[in-house]
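Step one of this worksheet: look at the structure below.
What follows is calculated from the coordinates using simple rules that are stated; it is not laboratory data. Just so you know, these numbers come straight off a predicted model, no measurement behind them. We place every Cβ from the backbone using ideal geometry, glycine too, and count neighbours over all the protein chains shown.
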Amino acid sequence: MIAFAALAAVSASAQQDAADTAAAVQQAAAPAPALNYSPQRYRLLPPYADPDFVRGPVPPPNKNYLIPLGEVVAIDAGVWAFNYLQGKEFAQISWDSVKQNFDKGWIVDTDDFWANGLLHPLHGNLNFNAARTMGLNMYESFGYAFLGSLIWEQFAEIQPPSLNDQVNTPFGGSMVGEVAFRLSRMILDSGGYAPSTWRQVFAFLINPVGGINRTMFGDKYRGELLLPMSWMGEFHFGLVLAGSSRTDAPGSRNTDVGPWASLSANITYGIPGTPDLSLSKPFDHFEVTASISMTSDITSTATSTLLVRGLLIGEPIGPGGDEGGLWGLFTSYDFVAPAVFRITGFGLGPGVSLMKRWDTFELHGTGVAELMPWAGGGSTIPLGVRDYLYGPGAALALELRAHFGDRVILRLLGRQYWVSGLYARGSSEDISYGIAQATVRIYGMHGVSGGIDWGRRRAGYSYDSDIFQRASVATLYYTILQGW
């Protein structure tokens with residue numbers, strides 16, 4: 001969430017620049033269609049919308065395959081050294097532990113979900129961007145994230161290498177990493193080839209490895225400017241007002257939650273329905289929903305969400321403007337952590353995103369059906385034994401977003417997950433998760449938002465009765481809005 005707070009800070013700092021740009025555009029020739037298809041939409045035009053924006057000279061394209069390899073090893077070593085100096089038991093490696101890792105083979109571990117589902121992808125993001133910021137494409141950079149995870153699992157821990165970590169780290173890390181790469185480049189490239197100091201600082205906060213490589217090599221591996229034709233951001237700062245959780249199992253009890261401090265963000269990059277939207281590269285369109293609530297015991301009672309979905313291969317639908325959209329093959333990485341249970345995994349499948357505008361009312365809808373080669377679900381409270389289940393599964397995502405003029409945004413988001421018991425025979429997970437949120441723009445880029453997050457879990461067992469869990473929270477935020 002530090003990255004999203006940094007992006008919001010960039011938006012706030014750029015408000016006056018955007019206003020000046022908008023005035024310049026109005027005085028110049030008619031704006032490009034991609035920036036003029038929704039006259040009632042609140043928006044701050046980005047600096048690169050200015051017809052006088054300088055887009056060159058473009059450095060020659062360069063790639064380096066060797067330097068990222070050294071950086072991946074250095075990143076793994078640095079993370080290991082930090083844990084070793086903290087006295088973490090898993091980091092007390094030896095030649096004997098390394099030999100045993102190769103002898104014992106791979107396992108499915110039962111480490112904490114925050115470590116497996118969130119920290120490992122964040123680690124993989126660093127390895128991914130070691131390559132991505134040196135001119136390599138997304139698929140080439142995935143290879144470095146995969147190799148970095150393999151090195152870590154075999155050499156940097158005393159426990160046998162973990163299958164679930166080897167999946168979450170490169171797959172989740174590549175998706176988180178591509179988002180970080182795109183957003184950091186948007187901040188930098190909006191300042192052309194001579195970005196201001198504050199742009200460089202905030203880009204570094206979002207993508208530290210990219211910032212280090214830029215410091216060492218300048219624009220040598222930067223290539224052409226990477227700027228979206230359209231994007232939208234909502235950055236929320238507030239608190240969880242109230243909530244509750246319930247587990248229907250012997251010995252369990254209901255709990256109330258809140259008030260907690262909370263941060264969240266919704267970002268759409270490459271908005272479906274934008275005229276002449278280019279979808280030639282992976283993640284030319286992506287969406288991110290993220291939130292975290294601060295508590296005294298963040299690993300067991302916090303409510304947190306990270307939903308990343310990007311288009312791998314796709315095509316636009318329609319002309320854009322008053323109606324349009326896109327369709328194609330999507331990939332996603334989800335980490336959903338209501339107070340009493342968890343679901344995480346990556347998916348791949350077809351989807352479609354459509355938009356339609358009637359005068360001042362605009363409606364966006366998205367539907368994606370995915371197979372999940374690897375997913376995990378479970379409870380955060382002990383139910384006799386640690387209740388974690390890993391296996392393949394499926395996910396269905398449905399989303400609606402409605403705009404009423406330039407004042408009100410209503411958002412509905414739903415996820416349904418099914419996780420099989422392939423690695424825990426006879427068990428299964430059936431988990432639903434939803435968000436309902438309303439945002440009202442008060443003045444300029446400032447608004448307020450209120451929402452409800454709700455989750456339900458049914459865990460099935462061959463050796464025991466089913467377990468049902470529910471969790472919900474209500475939130476209130478001050479919101480920084482960025483339109484398109």
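Brief remarks follow.
- Length released on extending from residue 226 to residue 158, taking residue separation times 0.36 nm less the Cα-Cα span: 20.3 nm
- Per-selection Rg to Rh, region 146-246 - Cα, Kirkwood hydrodynamic radius: 1.10
- Per-pair calculated FRET efficiency, R0 = 25 Å: residue 465 and residue 416 via Cβ, rounded to 0.05: 0.65
- Taking only the Cα atoms of region 231-482, the ratio Rg/Rh comes out at 1.00, with Rh defined as the Kirkwood radius.
- The slack in the chain from residue 77 to residue 140, taken as 0.36 nm per residue of separation less the alpha-carbon distance, amounts to 20.5 nm.
- Going from the fewest other Cβ atoms within 10 Å to the most, the residues 340, 440 appear in the order 440, 340.
- Note on residue 323 and residue 446: their simple-model spin labels are 4.0 nm apart, each label 7 Å out from Cα toward Cβ.
- Database remark: amide H of residue 221 closer than 5 angstrom to no amide H (H placed geometrically; neighbours at sequence offset of 5 or more, or on other chains; Pro and chain starts carry no H).
- Counting only Cβ charges, +1 for Lys and Arg and -1 for Asp and Glu, the dipole size of region 56-224 around its Cα centre is about 720 debye.
- Straight-line cross-link reach from residue 88 at under 23 Å between alpha-carbon atoms covers these lysines, not counting any fewer than eight positions away in the same chain: 99, 104.
- Relative packing of peptides 143-155, 214-226 - highest average C-beta neighbours within 10 Å first: 143-155, 214-226
- Per-residue ³J(HN,Hα) for region 175-189, Karplus 6.51 cos²θ - 1.76 cosθ + 1.60, θ = phi - 60°, Hz, x for Gly and Pro: 6, 4, x, 5, 4, 4, 4, 5, 5, 5, 5, 4, 5, 5, 6
- Other-chain or far-sequence residues with amide H under 5 Å of residue 304's (modelled H): 337
- Net charge of Cβ neighbours under 11 Å - reference residue 470; Lys, Arg +1; Asp, Glu -1: +3
- For region 258-357, the equivalent ellipsoid derived from the alpha-carbon gyration tensor has semi-axes of 33, 15, 9 Å in decreasing order.
- 13 Å beta-carbon shell around residue 275, net charge (K/R +1, D/E -1): -2
- Summary of packing: across the peptides 328-336, 451-459, the per-residue average of other C-beta atoms within 10 Å ranks them, highest first, as 328-336, 451-459.
- Counting charges near residue 96 (Lys, Arg +1; Asp, Glu -1) among other residues having Cβ under 14 Å from its Cβ returns a value of 0.
- Within straight-line cross-link reach of residue 220, lysines at Cα separation under 28 Å, skipping those fewer than 8 residues along the same chain: 63, 281
- Legend: translational diffusion of region 56-224 by Stokes-Einstein, Rh = Kirkwood radius over C-alpha pairs, 10 °C, 1.306 mPa s; D = 95 µm²/s.
- Taken one residue at a time, the phi angles of region 240-248 give Karplus couplings (6.51, -1.76, 1.60, θ = phi - 60°) of 7, 6, 6, x, 8, 9, 8, 10, 8 Hz. Gly and Pro are set to x.
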